[in-house]
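In what follows, a single structure is set out as structure tokens and then discussed.
The values are calculated or read from the model by the stated rules, or taken from the named source; none is laboratory data. Bear in mind the structure is a predicted one, so any value in this text is a computation, not a measurement. Using ideal geometry, Cβ is built from the backbone for each residue, glycine included, and neighbour counts are taken over all protein chains shown. For accessibility, only protein heavy atoms count, side chains too; no ligands or nucleic acids. Shrake-Rupley method; radii C 1.70, N 1.55, O 1.52, S 1.80 Å.
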Amino acid sequence: MHKLLSVVLVFSVIACAQATAPKKHPPTTSAPAAPKTPLPHFVDVARQAGLTVSHISSPEKKYIVESMSGGAGLIDCDNDGKLDILTVNGSTVERFRQGGDPMITLYHQDADLKFTDISKSAGLTRKGWGMGVAVADYDNDGLPDIYVTGYGGNALYRNLGNCKFEDVTDKAGVAAGGFSTGAAWADYDRDGYVDLFVSRYVHFDMNKLPDFGSDEKNCRFKGVAVQCGPWGMIGESDFLFHNRGDGTFEEVSKKAGVDDPNHYYGLGAVWGDYDNDGWPDLYVANDTGPNFLYHNQHDGTFEDIGMLSGAAVSADGEMQGSMGVDWGDYLNEGRVGIFVTNFTEQADDLYRNLGAQGFSAVSWPSKLAQPTYPLVGWGTAFFDMDNDGWLDIFVANGHVYPQVDSIPGGAHYRQPMQLFRNRRDGSFEDVSSVLDSIPLESRRGAAFGDINNDGNIDILLINVGELPTLLLNQGGNKNHRVLFKLVGSKSNRSAIGARVTVKAGKLTQFNEVRAGGSYISQNDPRLHFGLGTVSKMSEVEIRWPSGKLEVLHDVPADFIYTIVEGQGIQQKTALPAL
């Protein structure tokens, strides 16, 4: 990958040291064993809901650009309180050469959980090769805007109101170019305007296509001819666009220290405050390279501490083929851990946050490694599937090579989804069987949110070359829950980076508003908390990106609350009765 020799030598020393060191994992918590709460029931309602646009991809996947697309997104484009749906469309080499395809589809949610494709009337017409999506109010006008990554150029759509958008890509200066994949918004310098990070993958020349299966080392998988790469390909640098506050952005990645001078293969990216200092840090998943953990130094610059913190490689010091990422306090101990999905025969990584001691790779003791090892993981999240107050994990899987179906005994192209239930002791139970009724697909992006405002988290999935999946979480228990929609005033309007801490009964939970994550996807910006049997939160603390703290007391469960910075609760909507 044309890395600097010194970097390779340093990495080799660190990797060898980690691989030969005895495995020491922190003790698990002494939390009580998970009760036998009924598992939720998921039903795919995509077709009856009206999600009618298929993702575009060639059947053979002869080139790497044809197998990476598939971001999913959730947005309330008209602020009517109901989530609308974004699906990234993809393309093929032949179609791209003829002008490409509309990069994204927008479905508006109407009554009775029915969706209408409004992409054309919304003005989302830029053509190209869509990859991922991230949503934020970059101009602080109270309307969520859309950023779409892609091969050959990205798109920024400014929301004009009523789900009408203006293409401001060129005016804003965020077209980027190359092979862009992940995108994530955060106000990294806390000036009240959200900034944009864009990860990029490999250098791919449409005019010099590699010969399918030609290179024995880089274009074959277990002896079978497949698309070439990413091995043997030159990587791309990453971008950081600083928001000037006037509708334009300045590209500052090199100055900020996040440009990736070694050109690793960047995919998923997510901002989060891992050290609880009130400043957003950045985690980037790199395919076949060490992952980045950029620590925010509070002066507009970052330091990559991925290797030193233990969050860059596997427990054995191996570089993984990393795709999707998320933060989550899965132990309810006041610190966010990291979950990363990986390529086949590489277990997905779970990193426990030890505070000043960095991160510990705990996939094996958490019982996540063995079930994820055979599959190719993409979209993912920590989310509370059953509202018991403990974060569970979902993984969308799917191979990149359709040709693997010809390999006896190997992982197939279409793969099952996985669901892991939090056992409250640092380990997880594989309960994927609740999804067995959903047909196998090769999936990519996954977006998580409460689609029908019933207090249960649903999942939107992109299936390569097929219609999307919309998994409606139908609950099945009597646990209480709550959602918070935050609106900044001094802080950025979409409150990205705000942290809500909830105390209910004996449990304290927190989460942060994020824009971008999973695998190149966008979740519901509202924060959801399961509360178990507790019907009232004794304390709700909001730490706004501006640094302002607000504390609410004795807040009833089972509502969707809108909270405006400095003004407290401005609106509440009751969730359906339990």
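With all protein chains in place and a 1.4 Å probe, the accessible surface of region 442-578 carries 48 percent carbon and sulfur. Probing with 1.4 Å while keeping every protein chain in the model, the per residue accessible area of the chain equals 36 Å². The phi-based Karplus calculation (6.51 cos²θ - 1.76 cosθ + 1.60; θ = phi - 60°) puts the 3J(HN,Hα) values of region 325-332 at 9, 7, 9, x, 8, 6, 9, 6 Hz, whole numbers, x for Gly and Pro. Amide H to amide H distances under 5 Å link Val431 with Leu419, Phe420, Arg421, where only residues 5 or more positions off or on other chains count and H is placed in the peptide plane. With a simple spin-label model that places each label point 7 Å from the Cα along the Cα-to-Cβ direction, the separation between Ala175 and Val43 comes to 4.7 nm.
Evaluated at q = 0.14, 0.17 Å⁻¹, a Debye calculation over the C-alpha positions of region 103-203 (equal weights, vacuum) places log10 I(q)/I(0) at -0.54, -0.78. Taking all Cα pairs closer than 8 Å and separated by 6 or more residues, the relative contact order of region 102-217 comes to 19 percent.
At a threshold of 8 angstrom on Cα-Cα distance, excluding pairs fewer than six apart, so keeping six or more, what relative contact order does region 151-195 reach in percent? With pairs under 8 Å counted, the relative contact order is 36 percent. Fully extending the segment from Asp141 to Met206, taken as 0.36 nm per residue of separation minus the present Cα-Cα distance, adds 19.5 nm. Using a/c under 1.5 as the rounded threshold, could you call region 280-400 rounded, prolate or oblate? The axes a ≥ b ≥ c are square roots of the C-alpha gyration tensor eigenvalues, and prolate needs a/b larger than b/c, oblate otherwise. Oblate, since a/c reaches 1.5 and b/c is not below a/b. Looking at region 142-219, the trypsin sites (Lys or Arg not before Pro) that sit in a DSSP loop and have at most 15 other Cβ atoms within 10 Å of their own Cβ are Lys208, Lys217.
If R0 is 22 Å, the Cβ-Cβ spacing of Gln571 and Glu539 corresponds to a FRET efficiency of close to 0.60. Applying Stokes-Einstein at 4 °C and 1.567 mPa s to the Kirkwood radius of region 332-390, computed over alpha-carbon pairs, gives a translational diffusion coefficient of 104 µm² s⁻¹. For region 194-320, the square roots of the Cα gyration tensor eigenvalues, ordered a ≥ b ≥ c, give a/c of at least 1.5 with a/b no greater than b/c, which places it in the oblate category. Taken one residue at a time, the phi angles of region 356-365 give Karplus couplings (6.51, -1.76, 1.60, θ = phi - 60°) of 4, 7, x, 10, 10, 6, 10, 4, 6, x Hz. Gly and Pro are set to x.
The convex hull defined by the C-alpha atoms of the chain has an orientation-averaged projected area of 23.5 nm². Helix content alone sets the calculated 222 nm mean residue ellipticity of the chain: runs of n ≥ 4 DSSP H residues at -39500 (n - 2.57) each, divided across all residues, give -1500 deg cm²/dmol. For the chain, the relative contact order is 15 percent, taking Cα pairs closer than 8 Å that sit 6 or more residues apart in sequence and dividing their mean separation by the residue count.
Principal axis analysis of the Cα atoms in region 389-533 yields extents of 55, 33, 27 Å, listed in decreasing size. For region 295-338, the ratio of Cα radius of gyration to the globular rule of thumb 2.2 N^0.38 Å stands at 1.38. Close amide H partners of Asp450, meaning residues 5 or more places away or on another chain with modelled amide H under 5 Å apart, are Asp458. Taking every Cα-Cα distance in region 338-468 and sorting them into 10 Å bins from zero, the calculated P(r) comes out as 12, 42, 33, 11, 1 percent. Taking Cα centre as origin and charging only the Cβ of basic (Lys, Arg, +1) and acidic (Asp, Glu, -1) residues, the dipole magnitude of region 239-302 rounds to 160 debye. 3J(HN,Hα) couplings calculated from phi for region 205-212 with the Karplus curve 6.51 cos²θ - 1.76 cosθ + 1.60 (θ = phi - 60°) are, in sequence order, 9, 5, 8, 9, 6, x, 6, 4 Hz; Gly and Pro show x.
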